[in-house]
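The values are calculated or read from the model by the stated rules, or taken from the named source; none is laboratory data. This is a predicted model, so every value here is computed, not measured. A quick note on method: Cβ atoms are made from the backbone with ideal geometry, for glycine too, and the neighbour counts reach across all protein chains shown. All accessible areas refer to the heavy atoms of the entire protein, side chains included, with ligands and DNA or RNA removed. Shrake-Rupley method; radii C 1.70, N 1.55, O 1.52, S 1.80 Å.
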Amino acid sequence: MRKITILLLLISFTFSLFACEKSKSVGLKISYDITAELQENYTLNASQTVTVENGENYALSSLYFTLYTKAFEEGATVKPYYKSSETALFPNGISYGKTEITKIKIDGKDAPYEIDGITLKVGLEKPLNTGETVSVYIEYSLILPNANHRYGYGNNTVNLSGFYPVLCVLENGKYYESEYYPAGDPFYTQASNFKVSFTVPSEYSVASSLSPTGVEWQGGVTTYNYERQNARDIALVLGKDFKILKDTVNGKAVSYYYFNDENPRKSLKTACDSLAYFENLFCPYPYSEYTVCQADFLYGGMEYSGLSLISASAGDYSSYVIAHETAHQWWHGIVGFNESEHGYLDEGLTELSASLYMDYAKEKPYESYLNEAKNEYAEIRRALILNGITTPPVMQRNLKYFSSELEYVMIAYNRSFIALNEVKNFTGNKRFFKLLSAFAKKYSFKNAKPEDFIEMANKVKRGAGEIVKEYASGERVVK
Ligand SMILES: [Zn+2]
């Protein structure tokens, strides 16, 4: 680590005083070119070039990245799991990861940088003016934790998400610095373009969120090349015992990687049918491939642009998890959110979407899901109060203000679904689906805030957005 405190003090002013206020800001254009190699001993050596074109109407003097992998280190102050999850998370005993940044270069010269918590701050030698492009080369090596998490290896799979330095979202001249909170999905990214070259021991099969462009088998190791335009994130899941089923729906290749599924054809069908159902309801799915993959994973599932990770222990619940994660392709993938500040909107939309699909697929009526959400909401609220957690049920709150995973479930999943269902009842189905489709189209590959949804809802029917607002502030009582 190289200290650049003084330089950072200077570069922390990302606004240029002479910026032209009138030019229209189009944000940053970001491309990642990542080369990584995983060794048998679960270490990963990687390098990446991140190219950033400044479309903001002010100059930048630094680039900030989130190093999610650092949250898995022993000394991390904010850990990506609660103490109560440790047994399930670490089946072979507590394990930590390690992240080492070995080189950062801009234009072939060493660049000054500082690591602050899980934020990597890179100083630019000269300001990056509007319309200019800079490429930052970062070399790093990782030791993966033995953990059933989004990042880490379990007994069956190696889960690689958030393993690369992720450029922070720039908001009004300031980078949003994330923490890897244990509750929810603490992610916030800008849609970017990716090119990845990934080398692994040849015994592994690789399920990826990206589009394959070539494979080179070199005996003991195999290199997979991929690319993806307009993706929120990338993820790779590796397994030595994967079986693969494939199908095509609406011209998209759907793959299902599994190692522990009694009815894999049904899982593949759920992936295909739910994808087609949401395309019809919201807007087209933007990529040529969609992959669903079983993994050693503590929670039910996790979404990435183009890939859904499903816990191998989801059991009977797995159809619903597949439908839920598939719906996230719209509410996270296509429309992005700051999930640390207001995770409730994408989870609520996703719960509602998945319940609609399950009803359509004749798996279980929509009303049953809604009633379950109401019952679970009441039960968790009662349990929390009995345990002295009397926080009002405010949906609009940062992840750090949740006392437990249960409180997060109650707020971001149950209460938000109940709120959006009330909007649906208020507007009627036809107008409600028009709202969801218009929202997905307007904010495709952009980030949306709850205010954006509230405003659009009020346009569809006056007062509809107010329902969300009152639920978000905690005022409205669940009936
Ligand atoms: Zn979700």
- All positions within region 171-183 that are surrounded by fewer than 22 Cβ atoms within 10 Å (Cβ to Cβ) and of a type outside the set (Ser, Thr, Tyr): Glu171, Asn172, Gly173, Lys174, Glu177, Glu179, Pro182
- Message: assigned to a helix (DSSP H, G or I), away from the ligand (no atom under 16 Å from the Cβ) and hydrophobic (A, V, I, L, M, F, W, C): is that true of Cys272 in this structure?
- Response: yes
- Query: If you take the residues of region 326-341 that are within 12 Å of the ligand (Cβ to nearest atom) and within 11 Å of the chain's Cα centre (by Cα), which of them is surrounded by the fewest Cβ atoms within 10 Å (Cβ to Cβ)?
  - Reply: Glu339
- Taking region 218-231 and keeping residues under 24 Å from the mean Cα position of the chain (by Cα) and open to solvent by 20 Å² or more (accessible area, probe 1.4 Å) leaves Tyr224, Asn225, Glu227, Gln229, Asn230
- Query: Of everything in region 22-56 that's of a type outside the set (A, V, I, L, M) and at pLDDT below 95, which residue is least open to solvent (accessible area, probe 1.4 Å)?
  - Reply: Gly27
- Note on the structure: Being open to solvent by less than 10 Å² (accessible area, probe 1.4 Å) and among the hydrophobic types (A, V, I, L, M, F, W, C) narrows Ile244, Ile234 down to just Ile234
- Task: Name the one entry in Gly152, Gly220, Gly173 that is under 30 Å from Thr350 (Cα atoms), among the small types (Gly, Ala, Ser) and touching a residue at least 12 places away in the same chain (Cβ under 8 Å).
- Result: Gly152
- Task: Could you check how many residues of region 154-202 are closer than 28 Å to Tyr287 by Cα, more than 16 Å from the ligand (Cβ to nearest atom) and among the charged types (D, E, K, R)?
- Result: 2
- Query: Of the residues that make up region 402-421, is at least one open to solvent by 20 Å² or more (accessible area, probe 1.4 Å), assigned to a helix (DSSP H, G or I) and more than 16 Å from the ligand (Cβ to nearest atom)?
  - Reply: no
- Query: Can you name the condition, by its number, that Thr391 falls short on among (1) closer than 27 Å to Lys79 by Cα; (2) part of a helix (DSSP H, G or I); (3) open to solvent by 50 Å² or more (accessible area, probe 1.4 Å)?
  - Reply: (2)
- Criterion: over 30 Å from Ser305 (Cα atoms) and either open to solvent by 40 Å² or more (accessible area, probe 1.4 Å) or of a type in the set (Lys, Arg) (or both) - qualifying residue of Lys424, Lys479, Lys441: Lys479
- Query: Do the conditions hold for Gly474, that is, is it over 30 Å from Lys29 (Cα atoms), over 25 Å from the mean Cα position of the chain (by Cα), small (Gly, Ala, Ser) and surrounded by fewer than 18 Cβ atoms within 10 Å (Cβ to Cβ)?
  - Reply: yes
- Item | Pairs, first at pLDDT below 95 in region 105-134, second among the basic types (Lys, Arg), C-beta under 9 Å, six or more apart | Glu125/Lys109
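Listed here are the residues, each with its yes/no results for (1) in the same structural domain as Asn458 (by TED's automatic domain parsing); (2) within 24 Å of Asn447 (Cβ to Cβ); (3) not basic (Lys, Arg).
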| site | (1), (2), (3) |
| --- | --- |
| Ser368 | yes, no, yes |
| Asn375 | yes, no, yes |
| Arg397 | yes, yes, no |
| Asn414 | yes, no, yes |
| Leu420 | yes, yes, yes |
| Gly428 | yes, no, yes |
- Message: Is it the case, given these coordinates, that Ser288 is within 14 Å of the ligand (Cβ to nearest atom) and at pLDDT 95 or above?
- Response: no
- On the given criteria, is Tyr344 modelled with pLDDT of 95 or more and away from the ligand (no atom under 14 Å from the Cβ)? no
- Task: Please find, within region 295-319, the residue that is surrounded by the most Cβ atoms within 10 Å (Cβ to Cβ) out of those that are over 20 Å from Phe439 (Cβ atoms) and within 11 Å of the ligand (Cβ to nearest atom).
- Result: Ser308
- Task: Kindly check whether there is at least one residue in region 82-90 that is within 26 Å of Phe259 (Cβ to Cβ), open to solvent by 30 Å² or more (accessible area, probe 1.4 Å) and touching a Leu at 6+ places or on another chain (Cβ under 9 Å).
- Result: yes
- Subset of region 247-262 that is of a type in the set (D, E, K, R) and under 20 Å from Pro284 (Cα atoms) - its residue that is surrounded by the fewest Cβ atoms within 10 Å (Cβ to Cβ): Asp247
